[in-house]
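Visitor: This is the structure I have questions about; it appears just below.
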Amino acid sequence: MADYRRICPTIIALFIVVAGIGDALASNFSLFPEAGYAVHEFFKGSQHEVRVHVIRGAEPGPTVLLVGGIHGDEPATAMAADRYAHVLATRGSLIVVPRLNRPAVVAGTRPGRTGDMNRLFDLPETGLAANDRGVVTLAKLLISQSDYVLNLHQGSGFYAPSWVNRDRNPSRWGQTYVIDAPVFEGKSGGRLELMSFATSVTERSNARISDPLYRFRVRNTDTERKGRVGKEQHKSLTFFAVSQASKMALGIEATKNCSRHQAVALLVTATDSVLQEAGVMLEQFPSDGVASLAQSPEYKAINPGRCIAALDRTRAAVFPSTGRPGR
């Protein structure tokens, strides 16, 4: 990782120019605490407010960026990211953004005020609407501070490489780790072994999921070739992270064919597996309780009273069978 003290002043200056963040942010700002926990609020008081939780372990290690809420009609992503917002790390660091696209999350819609935010990362800053420019720039800067990038989603059905039924086939997205290529040669000269890493974390996750219907697969969108799927993914946060920032980046898609608290637990299982494979160690992994989530003012404001009791009963290691998905 680059030196935090060297990077932070650059970030501050760029935010002031591009995103209009005031002098208060520029004064004595440090993204990473020496060790422990810090929270930063960007665009505070606006409809586009973004809260960034930073957790740094005492022992050096990799940094993982976890993004939820880029699509507002995928509520389990923000709820799952909330589970990591107040953890403590013993090794490595976490940057957690539960609700990157707050207008979409509040509205419960895929797009925010100006369209699908996950289709804006290929555009130059001059091509972005003013409201999106600051948030997308913030996301790109957080990516630059990370070694691994996870973008949480909920997708329809269950991905399968060949046709099984209408809910389980190659056009579905649910229960996947999404990669842009098996191997990617980064701009900085680094080689990203995306398939190898995704396969390892898939095996970790599936060892903890008792119902085979809900086990994960790796989905390669082959983004560089710009086929039907790749053309859209070329605009995404994860492809920016891979192609422009040379970061190990994955999309994680939990199926929408389950209850919301199951989707949260599936996303937590998938995220835990990435953290463990990457070498980030936590004092307590999120599946052990929901006290910090229940106490989060941001959670209460957007999801009042929802799923706390259900989440408390849910453990990431075991999922009750809900029967076969509808055909």
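The values are calculated or read from the model by the stated rules, or taken from the named source; none is laboratory data. What you see is a predicted model, and the numbers here were worked out from it, not measured in a lab. Quick reminder, even Gly has a Cβ in these numbers, built from the backbone with ideal geometry, and neighbours come from all protein chains shown.
Visitor: Ser259 - would you say it is more than 30 Å from Asn165 (Cα to Cα) and in contact with a Ser or Thr (Cβ under 8 Å, 6 or more places away or on another chain)?
Guide: Considered against the rule, which asks whether it is more than 30 Å from Asn165 (Cα to Cα) and in contact with a Ser or Thr (Cβ under 8 Å, 6 or more places away or on another chain), Ser259 comes out as no.
Visitor: What is the number of the single condition among (1) modelled with pLDDT of 95 or more; (2) over 24 Å from Ala139 (Cβ atoms); (3) assigned to a helix (DSSP H, G or I) that Leu213 does not meet?
Guide: For Leu213, the failing item is (1).
Visitor: Select from region 129-171 the residues that are in contact with a Phe, Trp or Tyr (Cβ under 7 Å, 6 or more places away or on another chain) and among the hydroxyl-bearing types (Ser, Thr, Tyr) and write down the one among them that is surrounded by the most Cβ atoms within 10 Å (Cβ to Cβ).
Guide: Looking at residues that are in contact with a Phe, Trp or Tyr (Cβ under 7 Å, 6 or more places away or on another chain) and among the hydroxyl-bearing types (Ser, Thr, Tyr), I get Tyr159.
Visitor: Give just the number: which of (1) polar (S, T, N, Q); (2) modelled with pLDDT of 90 or more; (3) farther than 17 Å from Ala278 by Cβ does Asn131 not satisfy?
Guide: Result: Asn131 passes all but (2).
Visitor: Follow-up question, since we're still on this one. If you check Leu141 against the conditions, is it under 22 Å from Ser273 (Cβ atoms), among the hydrophobic types (A, V, I, L, M, F, W, C) and in contact (Cβ under 8 Å) with a residue 40 or more places away in the chain?
Guide: So Leu141 does not fit the description; no.
Visitor: Residues to consider are Gly186, Gly112; find the one that is within 18 Å of the chain's Cα centre (by Cα) and either closer than 21 Å to Asp73 by Cα or not aromatic (Phe, Trp, Tyr) (or both).
Guide: Testing whether each residue is within 18 Å of the chain's Cα centre (by Cα) and either closer than 21 Å to Asp73 by Cα or not aromatic (Phe, Trp, Tyr) (or both) leaves just Gly112.
Visitor: Name the single residue that is surrounded by the most Cβ atoms within 10 Å (Cβ to Cβ) among those in region 195-237 being touching a residue at least 60 places away in the same chain (Cβ under 8 Å) and aromatic (Phe, Trp, Tyr).
Guide: Per the criteria, the residue is Tyr214.
Visitor: For region 112-128, check the following and say yes or no: at least one residue is surrounded by 15 or more Cβ atoms within 10 Å (Cβ to Cβ), touching a residue at least 60 places away in the same chain (Cβ under 8 Å) and either hydroxyl-bearing (Ser, Thr, Tyr) or touching a Gly at 6+ places or on another chain (Cβ under 6 Å) (or both).
Guide: No, there is no match, as no residue in region 112-128 is surrounded by 15 or more Cβ atoms within 10 Å (Cβ to Cβ), touching a residue at least 60 places away in the same chain (Cβ under 8 Å) and either hydroxyl-bearing (Ser, Thr, Tyr) or touching a Gly at 6+ places or on another chain (Cβ under 6 Å) (or both).
Visitor: Shifting gears a bit: Those residues that are assigned to a strand (DSSP E or B) and more than 20 Å from the chain's Cα centre (by Cα), I need them from region 36-54; list them, please. First the steps, then the outcome.
Guide: Initial filter on region 36-54 (assigned to a strand (DSSP E or B)): 36-42, 50-54.
Within region 36-54, Gly36 is the sole residue that qualifies.
Visitor: Quick one: which of Arg99, Arg6 is modelled with pLDDT under 75, of a type in the set (Lys, Arg) and either assigned to a loop (DSSP other than H, G, I, E, B) or under 24 Å from Glu125 (Cα atoms) (or both)?
Guide: When all the criteria are applied, what remains is Arg6.
Visitor: Pairs needed: first member in region 82-101, under 12 Å from Phe285 (Cα atoms); second member anywhere, assigned to a strand (DSSP E or B) and acidic (Asp, Glu); C-beta distance under 9 Å; at least 6 residues apart or different chains.
Guide: Here the result reads Ala89/Glu59; Thr90/Glu59, each pair linking region 82-101 to a residue that is assigned to a strand (DSSP E or B) and acidic (Asp, Glu).
Visitor: Output the residue which, of all residues in region 172-190 that are charged (D, E, K, R) and in a loop (DSSP other than H, G, I, E, B), is surrounded by the most Cβ atoms within 10 Å (Cβ to Cβ).
Guide: Within region 172-190, the match that is surrounded by the most Cβ atoms within 10 Å (Cβ to Cβ) is Asp180.
Visitor: I would also like to ask the following. Having 3 or more residues that are at pLDDT 95 or above and out of contact with any His (no Cβ under 7 Å at 6 or more places or on another chain) is the bar; report the helices (runs of 4 or more DSSP H) wholly within region 219-317 that clear it.
Guide: Values: elements: 228-233, 237-243, 260-278, 291-294, 297-302, 308-313.
The qualifying helices (runs of 4 or more DSSP H) are 237-243, 260-278.
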